[in-house]
Amino acid sequence: DATSPNRIAKLHGTSEDLLRSSGLAWTFVRPSMFMQNYLMSAKMIGQGKLFEPAGSGARGYVDLRDIVDVIAQALTGPGHEGKIYTLTGPEALDPTAAARILSEELGRNVEYTDITREQFEAAAVANGVPAWNAAGLGELYDAIRAGHAAIATTDVADVSGHAPRSFAQFVRDHRAALLGS
């Protein structure tokens, strides 16, 4: 939404509005939070820790491979013009459930700790994320915390022809990286 108070959502909404008004054919692919974001936290996860400012907010994590499958169909198949696809995995998971799945699949305890948005943004900046982007990510976590990302759609299956990958499958497929090996 181009009028969103969330800067990242606003940027996406503005881009969509420009495409709609361009006269070009368009298809919008709106993925939820990427499962692969956890690979950036592999060192922390390998140490049995998961820190996020999400409270108990769930989100419909989606695997990047499923996004690619949908985009490939949208680019090569007919009937996708003017469509909006909201891409998620098969279920919305809160961070405690994600930590439980990480624990089960990695064979070691991974504990979720809810941190403040300020702690998250400071850590992001300390790890090289520009301050404006860290603040935008903080705003996204505010939306997750408020329950606005707790969705699961059938769009991956409807467009790609296969069920979306589960978070457990993602963890199994990236076990070595998530263990830091």
key: Fraction of accessible area attributable to carbon and sulfur, the chain (%, probe 1.4 Å)   = 57 percent
message = Let's see if you can work this out: charge +1 on each Lys and Arg Cβ, -1 on each Asp and Glu Cβ, no other charges. What is the dipole magnitude of the chain about its Cα centre, in debye to the nearest 20?
response = 300 debye
query = So what does Trp132 come to for accessible area, using a 1.4 Å probe and Å² rounded to 10?
reply = 150 Å²
message = Taking 0.36 nm per residue of sequence separation and subtracting the Cα-Cα distance, how much length would be gained by fully extending the chain between Lys83 and Asp114, in nm to one decimal?
response = 7.5 nm
request  = Give the whole-number value, in cubic angstrom per residue, of the convex hull volume spanned by the C-alpha atoms of the range 138-181.
outcome  = 113 Å³
query = Counting only residues 5 or more places away or on other chains, whose amide H sits under 5 Å from the amide H of Trp26 once H atoms are built in the peptide plane?
reply = Gly82
task = Determine the relative contact order of the chain: mean sequence separation of Cα pairs under 8 Å and six or more apart, normalised by residue count, in whole percent.
result = 33 percent
Mean-position separation - Cα centroids, the range 134-181 and the range 59-83, in angstrom = 15 Å
inquiry  = Can you give me the solvent accessible area of Ser56 with a 1.4 Å probe, rounded to the nearest 10 Å²?
reply    = 100 Å²
key: Amide H partners (placed H, <5 Å) of His148, local residues excluded   = none
message = Just to be sure I understand, if you calculate log10 I(q)/I(0) by the Debye sum over Cα atoms at q = 0.08, 0.13, 0.14, 0.16 Å⁻¹ for this structure, which of (i) -0.27, -0.72, -0.83, -1.06; (ii) -0.32, -0.84, -0.96, -1.17; (iii) -0.28, -0.68, -0.77, -0.96 do you get?
response = (i)
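Counting only DSSP beta bridges with both residues in the chain, what percent are antiparallel, rounded to the nearest 5? Don't skip to the answer; put the middle values down first.
On the way: 1 of 10 bridges.
Counting DSSP beta bridges with both partners in the chain, the antiparallel share is about 10 percent.
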note = On the formula 1/(1 + (r/R0)^6), with r taken between the Cβ atoms of Ala176 and Val125 and R0 of 35 Å, the FRET efficiency rounded to 0.05 is 0.75
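Trypsin sites (Lys or Arg not before Pro), restricted to the range 26-121: which are DSSP loop and have at most 16 other Cβ atoms within 10 Å? Let's see the in-between values first.
On the way: sites: Lys43, Lys49, Arg59, Arg65, Lys83, Arg100, Arg108, Arg117; in loops: Lys83, Arg108.
Sparse-neighbourhood loop trypsin sites (Lys or Arg not before Pro): Lys83, Arg108.
Restricting to Cα atoms and excluding each atom paired with itself, what does the Kirkwood estimate give for the range 79-181 in Å? Before the final figure, lay out the partial values.
Numbers: mean 1/r = 0.0622 Å⁻¹.
One over the average 1/r among Cα pairs gives 16.1 Å for the range 79-181.
The values are calculated or read from the model by the stated rules, or taken from the named source; none is laboratory data. Keep in mind it's a predicted model, so treat the numbers as computed, not measured. For neighbour counting, all protein chains shown are included, and Cβ atoms are generated from backbone atoms with ideal geometry for every residue, glycine included. Surface accessibility is based on the protein's heavy atoms, side chains included, excluding ligands, DNA and RNA. Shrake-Rupley method; radii C 1.70, N 1.55, O 1.52, S 1.80 Å.
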